[in-house]
1. When only residues in the range 84-107 that are at pLDDT 90 or above and outside any helix (DSSP H, G or I) count, which is least open to solvent (accessible area, probe 1.4 Å)?
2. What number of residues within the range 66-83 are in a helix (DSSP H, G or I), open to solvent by less than 50 Å² (accessible area, probe 1.4 Å) and in contact with a helix residue (DSSP H, G or I) (Cβ under 6 Å, 6 or more places away or on another chain)?
3. List the residue pairs whose Cβ atoms are under 7 Å apart, where the first residue sits in the range 46-57 and is farther than 15 Å from LYS96 by Cβ and without any contact (Cβ under 8 Å) to a residue 60 or more places away in the chain, the second is of a type outside the set (A, V, I, L, M) and in a helix (DSSP H, G or I), and the two are 6 or more positions apart or on different chains.
Amino acid sequence: ISLKNPVLTKRWMILWTRVFLTRRSKKFFGMKYPTIQPEKEAALVKEIRQVALENVSPDAYIRALLLIMRAVDNFYLLSDPLLRRHFSKEEYKLAKERIKDLVGLGKKKGDCK
């Protein structure tokens, strides 16, 4: 990168600052990322917990979010990094089964409804 071009230099400094000097607070797949709007995250977690534990019917957005989270968690053999952190150990056993039923993951081949 040429330091003579002020536009490129500024862009490079912004990128460098974002990559190396950002405050990281939440661990996710080995990296830590801050939550920009904790209120929105808390609202989503509340909805996920209600759907999983209180049998509240999910809207399309929450159903899609649960599908994605459950699919990513399926890549991990011994842990479920996305969903498990929102539940206690006892709660998660029940929540995991309810979420699997909702999103259709974990069914045996040939099962149909």
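The values are calculated or read from the model by the stated rules, or taken from the named source; none is laboratory data. Quick caveat: nothing in here was measured; it's all calculated off a predicted structure. So basically every Cβ, Gly included, is an ideal-geometry build from the backbone, and we count neighbours across all protein chains shown. Only protein heavy atoms, including side chains, enter the accessible area calculation; ligands, DNA and RNA are left aside. Shrake-Rupley method; radii C 1.70, N 1.55, O 1.52, S 1.80 Å.
1. PHE87
2. 2
3. Correct list of pairs: VAL56/GLN50.
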